[in-house]
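The values are calculated or read from the model by the stated rules, or taken from the named source; none is laboratory data. What you are looking at is a predicted structure, and each value in this text was computed from that prediction instead of being measured. Using ideal geometry, Cβ is built from the backbone for each residue, glycine included, and neighbour counts are taken over all protein chains shown. With ligands, DNA and RNA removed, areas are computed over all heavy atoms of the protein, side chains included. Shrake-Rupley method; radii C 1.70, N 1.55, O 1.52, S 1.80 Å.
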2 protein chains.
Amino acid sequence: MYQRKIPIDYDCGLSVAMEVVGSKWKFCILDEISKGIKRPKDLVNAINGITKRVLQKQLRELELHGLLEKTIYTEIPLRVEYNLTVSGKSLLPLVSAIDQWGMGFSSRLKTILETEATMNYL
Amino acid sequence: MYQRKIPIDYDCGLSVAMEVVGSKWKFCILDEISKGIKRPKDLVNAINGITKRVLQKQLRELELHGLLEKTIYTEIPLRVEYNLTVSGKSLLPLVSAIDQWGMGFSSRLKTILETEATMNYL
DNA sequence: ATGGATGGTGATAAAATTATCACTAAGTGA
DNA sequence: TCACTTAGTGATAATTTTATCACCATCCAT
């Protein structure tokens with residue numbers, strides 16, 4: 001993690017939410033965990049494009065922010081699970097709502113971006 | 001804007017949504033516009049901490065992504081308004097849900113971050 | 001003792017986002 | 001002409017986020 005220079009605005013719900021969950025992978029991670037994929041190794045396989053190292057950091061942040069809790073099982077081979085806390089679970093309706101909105105907007109975005117690319121708008 | 005190197009996964013709703021709305025200010029901007037604050041100048045005043053230049057870029061992206069539409073009134077002094085499109089409006093329930101979640105989580109996050117800061121966890 | 005499986009870290013590079021500053025343009029009224 | 005308002009842009013710096021690579025530790029089986 002890094003040393004944030006610009007402080008969070010705790011009075012703005014959107015600012016708080018963005019801090020905790022506003023990153024490339026966190027929603028995906030919470031989503032997969034809610035589906036029962038809880039081990040780092042399995043999460044790496046389940047989430048398209050993420051690497052072990054990045055996943056590790058995201059899990060750590062989610063844990064520090066109180067959305068996940070980590071359990072270590074002294075089994076062979078070593079097993080670690082990340083489970084949703086109460087706060088984490090309270091986010092699930094949002095995660096699925098955002099996912100659904102994104103799915104609905106997907107084809108439209110694709111069209112828009114392709115059109116703009118050919119028109120050199122960006 | 002910049003040239004994205006890692007492509008969007010159009011099959012993942014969360015990925016699509018993050019692309020369009022996953023940034024520091026966009027939810028705030030949509031929120032303010034939904035409350036009736038539509039002119040760049042007024043948005044700068046309404047949104048704590050944003051600068052004119054940054055707002056301008058965010059508005060442009062939201063417009064390109066089809067969430068806002070821009071109207072230029074030939075008045076004196078010059079008046080420009082950004083209004084929500086149908087897609088933009090379809091996001092409002094999410095914006096307010098996220099805002100509410102963030103408000104509910106705010107004090108908890110503050111406690112967590114302050115505790116961890118003193119414990120050098122970060 | 002060696003190697004595989006799992007979970008994890010440190011250092012650093014690359015990419016992406018946001019901030020800053022100085023500027024342009026149109027219109028209007030003093 | 002000059003100042004003022006509003007909207008907007010270009011160049012660049014600073015910050016933040018993600019990615020890459022090489023590495024460590026444990027436990028176990030061969």
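Ordering B:T85, A:T115 from largest to smallest accessible area (1.4 angstrom probe), what's the sequence? Each step should come with its number before you reach the end.
On the way: B:T85 25, A:T115 65 Å².
Ranked list, largest accessible area first: A:T115, B:T85.
How charged is the neighbourhood of B:C28? Take every other residue with its Cβ under 10 Å from the Cβ of B:C28, and add Lys/Arg as +1 and Asp/Glu as -1.
Numbers: positive: B:K24, B:K26; negative: A:D9, B:D31, B:E32, B:D99.
Around B:C28, the surrounding residues sum to -2.
Can you compute the charge dipole magnitude of chain B about its Cα centre, using +1 on each Lys and Arg Cβ and -1 on each Asp and Glu Cβ, nothing else charged? Give it in debye, rounded to the nearest 20.
My answer is approximately 400 debye.
Where the centre of each part is set by its Cα atoms, how far does the stretch A:67-113 sit from the stretch B:49-105, in angstrom?
Value for the Cα centre distance between the two parts: 27 Å.
What does the copy distance list look like for A:E69, label position 7 Å along Cα→Cβ, in nm and ordered from shortest?
Taking the point 7 Å beyond Cα along Cα→Cβ, the inter-copy spacings are 5.0 nm.
Roughly how tilted is helix A:52-64, in degrees to the nearest 10 and between 0 and 90, from the longest Cα axis of chain A?
80
Could you provide, to the nearest whole Å², the per residue accessible area of the stretch A:13-119 with probe 1.4 Å? It would help to have the intermediate numbers written out before the result.
Values: 5390 Å² over 107 residues.
Roughly 50 Å² per residue, with all protein chains present.
For the protein assembly as shown, what is the convex hull (Cα atoms) projected area averaged across all directions, in square nanometres? Before the final figure, lay out each step's value.
Values: hull surface 59.1 nm².
Average projection, Cα convex hull of the protein assembly as shown: 14.8 nm².
Modelled label-to-label distance, B:S96 and B:T51, 7 Å Cα→beta-carbon offset: nm?
3.4
Taking the full set of protein chains and a 1.4 angstrom probe, give the accessible area of B:E75 in square angstrom, rounded to the nearest 10.
Rounded to the nearest 10, that gives 80 Å².
For the stretch B:13-119, what is one quarter of the convex hull surface built on the Cα atoms, given in nm²? Could the numbers behind the result be given before it?
Numbers: hull surface 33.5 nm².
So the mean shadow area of the Cα hull is 8.4 nm².
For the full complex of protein chains and a 1.4 angstrom probe, list B:Y10, A:Y82, B:Y73 by accessible area with the highest value first.
Descending accessible area places them as B:Y73, B:Y10, A:Y82.
Under 26 Å between alpha carbons: how many lysine pairs meet that in the stretch B:32-117, if sequence neighbours fewer than 8 apart on the same chain are excluded?
The result is 17.
Let me check something: with ligands and nucleic acids excluded, how do A:T74, B:T51 order by accessible area (1.4 Å probe), largest to smallest?
On the way: A:T74 135, B:T51 70 Å².
The residues order as A:T74, B:T51, largest area first.
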